[in-house]
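A short write-up of the structure that comes next.
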Amino acid sequence: MAIERTISIVKPDAVGKNVIGKIYDRFESNGLKIVAAKMKHLSRREAEGFYAVHKERPFFGELVDFMISGPVMIQVLEGENAVAKNREIMGATNPANADEGTIRKDFADSVGENAVHGSDSAENAAIEIAYFFAETEICPRTR
Ligand code: RTP
Ligand code: MG
């Protein structure tokens with residue numbers, strides 16, 4: 001299995017609930033390594049650019065308003081099958097449909113305020129990583 005990287009974002013609702021550490025524990029417990037991280041309060045322009053694929057969707061305005069409602073914690077996760085593994089750990093988009101033990105089941109309140117973002121493909125992961133991090137900000141593990 002190839003080692004992959006993916007983007008994870010702890011969204012403003014989960015940062016507000018003070019559960020960044022609990023969410024990081026899910027990544028680490030499942031074999032994903034944090035190789036870059038930053039806290040950021042996104043500007044409207046940054047949030048719109050990040051979610052540009054959804055700009056025609058009816059929920060786009062709400063999504064952007066939510067994503068700029070407080071700081072987010074953005075991390076690059078590295079590990080075997082990282083894109084799919086992170087999506088599995090996150091759970092379904094709507095927490096009402098999320099499996100037991102997933103981040104969204106445990107920390108999300110609604111489809112709009114759903115605690116975390118994760119890249120949905122290796123291709124999008126590369127685009128999303130480059131959106132937030134310079135290559136020099138990513139720290140491959142040496143031990
Ligand atoms: P994400 O991109 O944040 O990891 O979430 P996802 O892949 O599970 O879901 P996606 O379809 O990409 O939707 C992006 C985000 O838009 C919000 N959303 N709201 N009100 C709604 O019906 C609705 N549908 C989606 C969610 O915050 C979702 O995570
Ligand atoms: Mg998505």
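The values are calculated or read from the model by the stated rules, or taken from the named source; none is laboratory data. Everything numeric in this text was worked out from a predicted model, so none of it was measured. FYI the Cβ positions are ideal-geometry reconstructions off the backbone, even for glycines, and counts take in every protein chain you see.
Side notes on the structure shown:
- In the condition set (1) surrounded by 20 or more Cβ atoms within 10 Å (Cβ to Cβ); (2) among the aromatic types (Phe, Trp, Tyr); (3) touching a strand residue (DSSP E or B) at 6+ places or on another chain (Cβ under 8 Å), Tyr24 is compliant with all but (1).
- Of all the residues in region 1-12, those that are farther than 15 Å from Gly118 by Cα and either part of a helix (DSSP H, G or I) or out of contact with any Gly (no Cβ under 9 Å at 6 or more places or on another chain) (or both) number 2.
- When Ile68, Ile34, Ile127, Ile138 are checked against the criterion of being within 16 Å of ligand 1 (Cβ to nearest atom) and either in contact with a strand residue (DSSP E or B) (Cβ under 7 Å, 6 or more places away or on another chain) or over 21 Å from Gly16 (Cα atoms) (or both), Ile127 stands alone in meeting it.
- For region 38-74, a tally of residues being aliphatic (A, V, I, L, M) and part of a helix (DSSP H, G or I) returns 6.
- Meets criteria (farther than 29 Å from Pro140 by Cα and either touching a residue at least 12 places away in the same chain (Cβ under 8 Å) or not in a helix (DSSP H, G or I) (or both)) for Leu77: no
- Selection of region 87-107 for residues being within 9 Å of ligand 1 (Cβ to nearest atom) and in contact (Cβ under 8 Å) with a residue 24 or more places away in the chain yields Arg87, Met90.
- Region 45-57 residues that are buried (at least 16 other Cβ atoms within 10 Å of the Cβ), paired with ones that are part of a loop (DSSP other than H, G, I, E, B) (beta carbon under 8 Å, 6 or more apart): Ala47/Ile68; Glu48/Lys55; Phe50/Leu42
- Residue selected from region 13-31 under the condition among the charged types (D, E, K, R), in a helix (DSSP H, G or I) and more than 19 Å from Asn81 (Cβ to Cβ), by the criterion nearest to ligand 1 (Cβ to nearest atom): Asp13
- Boolean, Val72 is within 18 Å of Ala130 (Cβ to Cβ), at pLDDT 95 or above and either within 16 Å of ligand 2 (Cβ to nearest atom) or not polar (S, T, N, Q) (or both): yes
- On inspection, Ile74 qualifies as buried (at least 17 other Cβ atoms within 10 Å of the Cβ) and under 20 Å from Gly21 (Cβ atoms).
- Residue check for Val35: surrounded by 12 or more Cβ atoms within 10 Å (Cβ to Cβ), of a type in the set (A, V, I, L, M, F, W, C), in contact (Cβ under 8 Å) with a residue 12 or more places away in the chain and in a helix (DSSP H, G or I): no
- Qualifying residue in region 95-118 (condition: under 13 Å from the mean Cα position of the chain (by Cα), farther than 19 Å from Val64 by Cβ and not in a helix (DSSP H, G or I)): no
- A single member of Ser110, Ser121 is at negative phi and within 14 Å of ligand 2 (Cβ to nearest atom), and it is Ser121.
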